[in-house]
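Student: Below are the structure tokens for one structure; questions will follow.
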Amino acid sequence: MAAPTTAPIDLSAAMVTAPTALADWLVIAPMGLMIALGAALMMVRHKLWLHGWIAIPGLVALVLLDALLLYRVAVHGPFTMTAGRWLPPFGISFTADLLGALLAFASGLVALAAGIYGLRDINDTGRRYGFYPFLLLMMAGVTGAFLTGDIFNLYVWFEVLLISSFGLLILGSEREQIDGALKYAVLNLLGTTLFLIAVGYLYAIFGTLNMAQVASLAGEQREGAPLITLSALFILAFAMKAAAFPVNFWLPASYHTPRIVVAALFGGLLTKVGVYALMRVMVMLFPLEREELSLVLAVIAALTMLLGALGALAQSDLRRMAGFAVIAGIGNVIAGVAIGGATGVGGAILYAMHSIVVMTALYLLIGEAARIGGSWSLQTLGGLYREAPWIAAGAFVIFFATAGLPPFSGLWPKIMLLKAALDVGAWWLSAALLVSALILTLALGRVFLLAFWRPQLAGAAVGAPIAPNSWQRSTPIAGLVAVIVVFGLFPDAPVRLAQAAASSLADPAAYIQSVFPAGGAE
Amino acid sequence: MNTLILRTVAPPITALMLVFSVFVLLRGHNEPGGGFIGGLIAASALAIYGIAYGVSAVRRAIRFHPMSIAGFGLLLSTLSGFVSLFAGVPFMTGLWIYPSFFGVEVPLATVISFDIGVYFVVVGSIASIALALEERETD
């Protein structure tokens, strides 16, 4: 019972006794805010006019919190809060390091952009189905996955974002959507189950789920522990999530079915959570096993990016084309993980951030193009350049960035990856990087040529009268394009941060120190 | 299901189960039980009532939409975690107060409010599923 006891108990053996600084709450606050607001939106689900007023300020607050978190981590290094005051590894730790904070910030930005775009794109039915509550809960899952310091907790956040994404995927319950959602659900549930099995396996080997403790124990217990098997399981599970080569087919089969703003969110965020988990586990927890499996990872990476680029070239539906572009990007990130080292992993982190922003922008942009042109198909689209010059300008920037051409954000991570690949002598991987970029340039150039430059087809139906352009649609795209341009022209800070994130991931002493300040993990 | 027997016993059974669910919820702090199982019991009570009297009767009786109830529970649980912000201890630390009502000391904690939140989440979400399934059948 909770009755006061007479004998004093030494709490310091079991509990955190140091008072908690207010700034430490930054690592919990993004998820807390998203869940609380998502819950509040569920309560007022039928008061549709309220949704935007709650969700948009909430997402602005999320971006601010993520920015503060990033600032704190960049200046003071990683920090930890362990729930319930229990000492780690018994309490569940949330640890923000540079990698998590960078990706959380990037995803906060695109969630805000998608939230604003959704004000127009999501009709009343979609809102009644719960677009905004699902959006906020999915952001809780995404941010939680980036910031948690416990691998089982990572699994839980995966589930949170997965369940919310099911809801977003079938917004409106159309037949095609259910079909897409089924493919998406089956493979993702399979991936999550594999992940769970791997986590159980990991617990059986190490007796702990705290990632800082696993990282410090992996060195000692490597003898006799089947860590290669475990790593292979993790790689398979996360490759499914990330839509890497042999298990990528669910992505193009499902991402073209939901509303375009939902597809934008998914393309930007969900696969990146998969590659984030891959980086966290393979680079931080099992660096030697990553070394062993680097050839496998490199082959997967090369095939993923080639398949993505070729797929993009083969499609005539804009949404499917974008889906393959997402896959090509995933190949680049995995290539960085395969190469390793500060430049390789730094390039992968930078590419992941770039990809979060650019893929969301790409989907939103083709949404606009299809809305103005009245079709998703390259066969009927045309004359957009004359119709909407600003959209064409945005498309120019976004396509260049997607293909990795200067002077936009895609260039720098690609250069880092190329340099890293050449440094380790993997000429074929650098060739794959270049060829995939070339094919992607062709694919996107084809879109620009056909949809934008080609004069409007004579027989093409003009379609429904185009709704007047509104700030809810144009600001998010303009904002994301601005991010891409600034990132491309002033790459210093992002490159430096990504490299710092990579080196702290490869040498997690500060991370472990923040979870176990006394230094004793046992 | 329109049988006289079920229609007669459903109200007392529902009432009994609801009371029992609250008992299980409160008991759960120190003994087996808790918000999750309590919520399941309450949701089954609503389901039984729905089988006997139809879904619209249940919807009228609980006043709020089940999803709103679940949302309220989620909000309550989240806020319970943030109470410790004001005590200078980490997220979700259990905090106790001991007010006395009529000379009886009643220990209250953020743990309990968290568990009550869980109760509402489970009642809301399971009832929402159950009612949707029953509705489909009677159509």
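Student: Considering every residue within region A:407-415, establish whether at least one is polar (S, T, N, Q), part of a loop (DSSP other than H, G, I, E, B), under 28 Å from the mean Cα position of the chain (by Cα) and at pLDDT 85 or above. It would help to see each step written out before you state the result.
Tutor: Within region A:407-415, the first condition is being polar (S, T, N, Q), and the residues that meet it are A:409.
Imposing the further condition that a residue be part of a loop (DSSP other than H, G, I, E, B) reduces the set to A:409.
Imposing the further condition that a residue be under 28 Å from the mean Cα position of the chain (by Cα) reduces the set to A:409.
Then keep just the ones that are at pLDDT 85 or above; that gives A:409.
Yes, region A:407-415 contains at least one residue that is polar (S, T, N, Q), part of a loop (DSSP other than H, G, I, E, B), under 28 Å from the mean Cα position of the chain (by Cα) and at pLDDT 85 or above.
Student: What's the total number of residues in region A:80-128 that are of a type in the set (S, T, N, Q), more than 14 Å from chain B (Cβ to nearest Cβ) and buried (at least 22 other Cβ atoms within 10 Å of the Cβ)? Reasoning before the result, please.
Tutor: Keep residues of region A:80-128 that are of a type in the set (S, T, N, Q), which gives A:80, A:82, A:93, A:95, A:107, A:123, A:125.
If we keep only those that are more than 14 Å from chain B (Cβ to nearest Cβ) as well, we get A:107, A:123, A:125.
With the extra rule that they be buried (at least 22 other Cβ atoms within 10 Å of the Cβ), the set shrinks to A:107.
Summing the residues that are of a type in the set (S, T, N, Q), more than 14 Å from chain B (Cβ to nearest Cβ) and buried (at least 22 other Cβ atoms within 10 Å of the Cβ) in region A:80-128 gives 1.
Student: A follow-up question, please. Residues of region B:52-98 being crowded, with 17+ Cβ neighbours inside 10 Å and on the phi > 0 side of the Ramachandran plot, which ones?
Tutor: Listed by number, the list holds a single entry, B:M92.
Student: A further question follows. Which residue, of A:V296, A:V333, is β-branched (V, I, T) and touching a helix residue (DSSP H, G or I) at 6+ places or on another chain (Cβ under 7 Å)? I'd like the intermediate steps shown before the answer.
Tutor: Working: A:V296 fails: touching a helix residue (DSSP H, G or I) at 6+ places or on another chain (Cβ under 7 Å).
Among A:V296, A:V333, only A:V333 is β-branched (V, I, T) and touching a helix residue (DSSP H, G or I) at 6+ places or on another chain (Cβ under 7 Å).
Student: Exactly one condition in (1) in contact with a His (Cβ under 6 Å, 6 or more places away or on another chain); (2) within 21 Å of A:L209 (Cβ to Cβ) is false for A:Y132; which is it?
Tutor: Here A:Y132 meets the rest and fails (2).
Student: Identify, from the list B:G33, B:G94, B:G50, B:G39, the residue that is among the small types (G, A, S), over 30 Å from A:L26 (Cβ atoms) and not in a helix (DSSP H, G or I).
Tutor: Numbers: B:G94 fails: over 30 Å from A:L26 (Cβ atoms); B:G50 fails: not in a helix (DSSP H, G or I); B:G39 fails: not in a helix (DSSP H, G or I).
Unique residue meeting the criteria: B:G33.
Student: Based on what the data block shows, is B:R60 without any contact (Cβ under 8 Å) to a residue 24 or more places away in the chain, assigned to a helix (DSSP H, G or I) and either more than 14 Å from the chain's Cα centre (by Cα) or under 30 Å from A:Y129 (Cβ atoms) (or both)?
Tutor: Numbers: without any contact (Cβ under 8 Å) to a residue 24 or more places away in the chain: yes; assigned to a helix (DSSP H, G or I): yes; either more than 14 Å from the chain's Cα centre (by Cα) or under 30 Å from A:Y129 (Cβ atoms) (or both): yes.
Judged against the criteria, B:R60 is a match.
Student: Which of the residues spanning region A:417-432 are farther than 15 Å from A:S355 by Cα and in a helix (DSSP H, G or I)?
Tutor: At the first step, the residues of region A:417-432 found to be farther than 15 Å from A:S355 by Cα are A:418-432.
Answer for region A:417-432, where residues must be farther than 15 Å from A:S355 by Cα and in a helix (DSSP H, G or I): A:L418, A:K419, A:A420, A:A421, A:L422, A:D423, A:W427, A:W428, A:L429, A:S430, A:A431, A:A432.
Conditions tested, residue by residue: (1) more than 10 Å from chain A (Cβ to nearest Cβ); (2) free of Cβ contacts under 8 Å to residues at least 24 places away in the same chain.
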| position | (1), (2) |
| --- | --- |
| B:P90 | no, yes |
| B:F101 | yes, yes |
| B:D115 | yes, no |
| B:V123 | yes, no |
| B:I129 | yes, yes |
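Student: Of the conditions (1) under 16 Å from the mean Cα position of the chain (by Cα); (2) surrounded by fewer than 22 Cβ atoms within 10 Å (Cβ to Cβ); (3) within 14 Å of chain A (Cβ to nearest Cβ), B:E31 fails just one. Which one is it?
Tutor: Failing condition for B:E31: (1).
Student: Here is a further query. Mind counting the residues in region A:36-62 that are within 8 Å of chain B (Cβ to nearest Cβ) and within 21 Å of A:A113 (Cβ to Cβ)?
Tutor: Residues in region A:36-62 being within 8 Å of chain B (Cβ to nearest Cβ) and within 21 Å of A:A113 (Cβ to Cβ): 2 in total.
Student: If we keep just the residues of region B:67-88 that are more than 10 Å from every other protein chain (Cβ to nearest Cβ) and in contact with a Ser or Thr (Cβ under 7 Å, 6 or more places away or on another chain), which is nearest to B:L133 (Cα to Cα)? Talk me through it step by step, then tell me what you get.
Tutor: Initial filter on region B:67-88 (more than 10 Å from every other protein chain (Cβ to nearest Cβ)): B:80, B:83, B:86.
Still in the list and also in contact with a Ser or Thr (Cβ under 7 Å, 6 or more places away or on another chain): B:80, B:83.
Numbers: B:S80: 32, B:V83: 38 Å.
Applying the filter and picking the extreme gives B:S80.
Student: When region A:375-406 is examined, which residues are found to be of a type outside the set (A, V, I, L, M) and under 30 Å from the mean Cα position of the chain (by Cα)? Can you show your working first?
Tutor: From region A:375-406, those of a type outside the set (A, V, I, L, M) are A:375-377, A:379-380, A:382-383, A:385-387, A:389-390, A:394, A:396, A:399-400, A:402, A:404, A:406; that's our starting set.
Once the filter is applied, which keeps residues that are of a type outside the set (A, V, I, L, M) and under 30 Å from the mean Cα position of the chain (by Cα), region A:375-406 yields A:S375, A:W376, A:S377, A:W390, A:G394, A:F396, A:F399, A:F400, A:T402, A:G404, A:P406.
Student: Might you check whether a residue that is in a helix (DSSP H, G or I) and either over 24 Å from A:F90 (Cα atoms) or hydroxyl-bearing (S, T, Y) (or both) occurs anywhere in region A:15-31?
Tutor: For region A:15-31, residues in a helix (DSSP H, G or I) and either over 24 Å from A:F90 (Cα atoms) or hydroxyl-bearing (S, T, Y) (or both): absent.
Student: In region A:145-159, is there at least one residue being in contact (Cβ under 8 Å) with a residue 60 or more places away in the chain, acidic (D, E), surrounded by fewer than 22 Cβ atoms within 10 Å (Cβ to Cβ) and part of a helix (DSSP H, G or I)?
Tutor: Scanning region A:145-159 turns up no residue that is in contact (Cβ under 8 Å) with a residue 60 or more places away in the chain, acidic (D, E), surrounded by fewer than 22 Cβ atoms within 10 Å (Cβ to Cβ) and part of a helix (DSSP H, G or I).
Student: Continuing with this model, one more query. Considering only residues of region A:66-79 that are touching a residue at least 40 places away in the same chain (Cβ under 8 Å) and buried (at least 24 other Cβ atoms within 10 Å of the Cβ), which is nearest to A:F152 (Cα to Cα)?
Tutor: Top of the filtered list is A:P78.
The values are calculated or read from the model by the stated rules, or taken from the named source; none is laboratory data. Bear in mind that the values here come from a model prediction, so they are computed numbers and not experimental data. Note that we place each Cβ from the backbone using ideal geometry, even for glycine, and neighbour counts take in every protein chain shown.
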